[in-house]
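A.B. asks: Supplied in structure tokens, the structure appears directly below.
The values are calculated or read from the model by the stated rules, or taken from the named source; none is laboratory data. For clarity, every value in this text was computed on a predicted model and none was experimentally measured. Glycine gets a Cβ as well: all are built from the backbone with ideal geometry, and neighbour counts include every protein chain shown.
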């Protein structure tokens with residue numbers, strides 16, 4: 001995959017992919033695939049009948065192309081949507097007026113999509129331009145359709161055939177491995193990410209992964225220092241870009257593959273024109289190949305070729321007044337903040353008998369419960385005992401609860417609880433969540449949003465006959481279990497509890513008063529083909545969510 | 001030849017978060033000084049066209065620096081001065097320099113940093129998780145008494161009162177709230193003050209059987225609570 005780029009590489013050695021200027025140009029009318037893509041690919045569910053859809057869409061797409069640069073929604077587009085909606089008969093005749101359509105399109109901010117400012121649901125942005133880079137990578141390409149069989153795209157190479165020298169960087173920059181166990185180097189990554197990592201579309205919030213979080217996430221058993229890759233400024237040694245991989249055993253449907261979990265790709269805000277991202281991806285890929293790993297899993301808020309699934313974020317408000325104050329959520333006109341606060345108040349105490357914090361002695365039972373429970377999802381990690389210990393216990397912090405603020409130990413990253421049956425002393429359930437705060441950009445009063453994210457959980461109820469389904473007792477048990485998680489998170493002063501539409505979450509979100517978010521998460525596999533998996537939407541006969549059993553940190 | 005202090009200050013400024021709060025004027029001055037010190041007293045290229053606003057402003061700033069200073073040393077001194085004001089600590093920087101001795105920068109233009117524009121929010125590559133907030137459909141702004149109370153539009157209410165002096169300020173909206181309920185609930189102190197000065201009824205209960213005081217108390221608007229308790 002490297003050779004093609006190498007030949008084309010400019011003498012500066014910087015990134016093979018396009019320059020920004022080019023990106024702008026290729027975004028123009030004569031490449032209708034861009035708006036098309038934005039309209040059609042928010043889920044891959046459509047891939048199978050993409051041909052048909054394409055034809056139908058060409059009219060829309062022409063209309064879209066014709067109106068770039070204008071922000072008012074043109075009649076041509078409105079009429080085109082009107083015609084299609086009539087043909088599909090999915091909306092009552094009376095509601096199909098041009099004004100309604102126009103309003104709906106305006107709400108979708110369709111003009112921003114057309115003009116490339118954002119993609120649907122806030123996805124994409126300009127990163128569409130990155131498709132040129134992904135076109136050189138072993139990933140399913142747009143328009144391929146779902147594969148007949150699961151499997152690799154490029155065969156595994158013997159070590160001596162892997163490129164031996166690092167990809168060249170411009171002489172202003174140099175490669176550097178980061179030793180995350182060294183607090184100083186870990187702090188460098190923290191500083192880079194907390195100032196430059198992912199923000200929401202309004203640039204109001206930016207992830208603030210703590211140093212202890214990074215140590216937990218980047219140093220699971222068997223991690224490789226060579227997969228924690230930084231770029232430094234040659235003169236000052238300042239860290240300006242980073243990418244990481246950690247090893248993971250992943251089951252994708254029936255196949256178990258060793259992959260690297262790629263995360264924390266970050267380039268300094270003011271070096272974004274240097275095209276460091278593609279060369280970082282290529283270098284971490286090379287380092288992965290050198291260890292004999294040829295597949296990867298990664299996620300992104302943006303769409304690049306080609307997601308295997310898309311999940312949506314949901315949010316359970318805990319500290320409503322603060323969330324409103326910082327603009328995380330709003331008070332609808334028809335109610336009061338006081339009522340919202342009351343409606344979202346978490347219960348005062350947990351209800352499951354035998355609920356307690358997970359301890360070392362629980363590892364074996366949790367491991368076996370986890371393994372069995374996760375078999376219910378199409379895509380799931382396989383953890384051995386050491387990994388279970390790491391994922392659920394190593395982030396519990398130091399000292400006793402309360403040392404790090406109410407409900408928290410110092411440096412606590414994860415909260416893991418088990419339910420021990422008081423009669424049999426068996427572990428029947430467990431849940432976990434992790435702390436991932438965000439900086440509230442430019443807010444003096446509330447500089448940090450304390451967010452808890454639902455991590456893995458399991459219950460033996462899932463193995464009882466007839467447990468699944470809308471009326472089954474699995475749904476009820478998980479509601480109780482996750483409500484207890486909300487209580488624990490509320491006690492630890494989290495402002496909000498977040499979850500994605502994966503695993504069994506979809507069935508719980510509404511009843512537990514989660515509200516839909518404006519963020520989406522796309523799941524990707526590198527060098528592995530598989531058909532789309534159920535995430536936000538159901539796929540084939542798998543209910544929504546249950547395709548995905550991997551929580552990315 | 002720029003000194004090591006200069007290089008350290010430049011490295012600091014290129015990433016300092018304090019810089020995001022600094023006016024463009026200062027940023028341009030810094031740019032002009034930087035170019036003076038690293039590349040020469042004045043630009044060698046011709047002035048960019050009016051359509052390249054950023055390029056033109058930068059060119060002008062460099063040109064101005066060339067006119068203001070007769071030697072690079074003076075420009076450098078001024079540069080370090082601004083850097084210190086923006087929180088650069090020479091001592092800290094020097095010790096850091098010691099640990100990681102900088103190699104000689106053969107390319108005289110160490111100006112590797114982008115301008116502030118065109119910074120995307122996706123972390124530079126888009127991989128990773130996404131930041132999400134509660135999805136929200138913006139509601140139409142209502143040009144009514146209650147709408148102004150919600151939006152904290154003091155002037156709106158004052159204008160309305162001057163147009164309709166006998167306006168009923170205790171009127172319930174379609175959801176059963178008075179303007180005072182809404183302002184107390186949303187925490188709009190000035191509106192509450194205005195309404196109280198007009199003698200509105202504090203005791204009216206909302207559909208949840210709560211008066212304005214209780215709303216403000218639940219939500220934690222302390223000033224409004226004390227105002228309404230008087």
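Per-residue answers, yes or no, for (1) touching a residue at least 24 places away in the same chain (Cβ under 8 Å); (2) closer than 20 Å to residue A:145 by Cα; (3) within 13 Å of chain B (Cβ to nearest Cβ):
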{"position": "A:482", "(1), (2), (3)": "yes, no, no"}
{"position": "A:514", "(1), (2), (3)": "yes, no, yes"}
{"position": "A:536", "(1), (2), (3)": "yes, yes, yes"}
{"position": "A:546", "(1), (2), (3)": "yes, no, no"}
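A.B. asks: Right, next: Would you check if residue A:160 is outside any strand (DSSP E or B), without any contact (Cβ under 8 Å) to a residue 60 or more places away in the chain and within 14 Å of another protein chain (Cβ to nearest Cβ)?
C.D. replies: Details: outside any strand (DSSP E or B): yes; without any contact (Cβ under 8 Å) to a residue 60 or more places away in the chain: yes; within 14 Å of another protein chain (Cβ to nearest Cβ): no.
Considered against the rule, which asks whether it is outside any strand (DSSP E or B), without any contact (Cβ under 8 Å) to a residue 60 or more places away in the chain and within 14 Å of another protein chain (Cβ to nearest Cβ), residue A:160 comes out as no.
A.B. asks: Out of the residues in segment A:236-287 that are assigned to a helix (DSSP H, G or I) and more than 14 Å from every other protein chain (Cβ to nearest Cβ), state the one that is nearest to residue A:208 (Cα to Cα).
C.D. replies: A:287
A.B. asks: Additional query: Looking at the structure I just gave you, is residue A:199 touching a strand residue (DSSP E or B) at 6+ places or on another chain (Cβ under 6 Å), under 21 Å from residue B:129 (Cβ atoms) and facing chain B (nearest Cβ under 7 Å)? Steps first, answer last, please.
C.D. replies: Values: touching a strand residue (DSSP E or B) at 6+ places or on another chain (Cβ under 6 Å): yes; under 21 Å from residue B:129 (Cβ atoms): yes; facing chain B (nearest Cβ under 7 Å): yes.
Yes; evaluated as a whole, the condition is true for this residue.
A.B. asks: Inspect segment A:223-235 for any residue being part of a strand (DSSP E or B), within 14 Å of chain B (Cβ to nearest Cβ) and out of contact with any helix residue (DSSP H, G or I) (no Cβ under 8 Å at 6 or more places or on another chain) and give the result as yes or no.
C.D. replies: Yes.
A.B. asks: Those residues that are within 13 Å of chain B (Cβ to nearest Cβ) and at pLDDT 95 or above, I need them from segment A:168-186; list them, please.
C.D. replies: Residues satisfying the conditions are A:169, A:173, A:174, A:176, A:184, A:185.
A.B. asks: Of A:432, A:438, which residue is within 15 Å of residue A:357 (Cα to Cα), in the same structural domain as residue A:371 (by TED's automatic domain parsing) and under 21 Å from the mean Cα position of the chain (by Cα)?
C.D. replies: On the way: A:438 fails: within 15 Å of residue A:357 (Cα to Cα).
Selected residue: A:432, the only one of A:432, A:438 that is within 15 Å of residue A:357 (Cα to Cα), in the same structural domain as residue A:371 (by TED's automatic domain parsing) and under 21 Å from the mean Cα position of the chain (by Cα).
A.B. asks: Looking at A:202, A:164, which one is at pLDDT 95 or above and surrounded by fewer than 15 Cβ atoms within 10 Å (Cβ to Cβ)?
C.D. replies: A:164
A.B. asks: Same structure again: Of all residues being in contact with a helix residue (DSSP H, G or I) (Cβ under 8 Å, 6 or more places away or on another chain) and outside any helix (DSSP H, G or I) in segment B:154-185, which is farthest from residue B:204 (Cα to Cα)? Just the residue, please.
C.D. replies: Residue satisfying both the conditions and the ranking: B:167.
A.B. asks: Do any helices (runs of 4 or more DSSP H) entirely within segment B:19-135 hold 3 or more residues that are at pLDDT below 70, on the phi < 0 side of the Ramachandran plot and more than 9 Å from every other protein chain (Cβ to nearest Cβ), and if so, which?
C.D. replies: By residue number, B:90-99.
A.B. asks: Every residue in segment A:428-437 that is more than 18 Å from residue A:450 (Cα to Cα) and surrounded by fewer than 22 Cβ atoms within 10 Å (Cβ to Cβ), please.
C.D. replies: Filtering segment A:428-437 for residues more than 18 Å from residue A:450 (Cα to Cα) gives A:428-431.
Across segment A:428-437, the qualifying residue is only A:428.
A.B. asks: Would you confirm, using the coordinates I've provided, whether residue B:218 is more than 11 Å from chain A (Cβ to nearest Cβ) and either modelled with pLDDT under 95 or not in a loop (DSSP other than H, G, I, E, B) (or both)?
C.D. replies: Spelling it out, it is not the case that residue B:218 is more than 11 Å from chain A (Cβ to nearest Cβ) and either modelled with pLDDT under 95 or not in a loop (DSSP other than H, G, I, E, B) (or both).
A.B. asks: To continue, here is another question. Are any residues in segment A:289-323 part of a helix (DSSP H, G or I) and touching a helix residue (DSSP H, G or I) at 6+ places or on another chain (Cβ under 7 Å), and if so, which ones?
C.D. replies: Correct list: A:290, A:320, A:321.
A.B. asks: From the list A:310, A:299, A:341, pick out the single residue that is more than 10 Å from every other protein chain (Cβ to nearest Cβ) and crowded, with 20+ Cβ neighbours inside 10 Å. First the steps, then the outcome.
C.D. replies: Values: A:299 fails: more than 10 Å from every other protein chain (Cβ to nearest Cβ); A:341 fails: more than 10 Å from every other protein chain (Cβ to nearest Cβ).
After applying the criteria, what remains is A:310.
A.B. asks: Which number in (1) more than 18 Å from the chain's Cα centre (by Cα); (2) within 14 Å of another protein chain (Cβ to nearest Cβ); (3) assigned to a helix (DSSP H, G or I) marks the one condition that residue A:214 misses?
C.D. replies: (1)
A.B. asks: Something else: Against the definition (assigned to a loop (DSSP other than H, G, I, E, B) and more than 9 Å from chain A (Cβ to nearest Cβ)), how does residue B:208 come out, yes or no?
C.D. replies: Spelling it out, it is not the case that residue B:208 is assigned to a loop (DSSP other than H, G, I, E, B) and more than 9 Å from chain A (Cβ to nearest Cβ).
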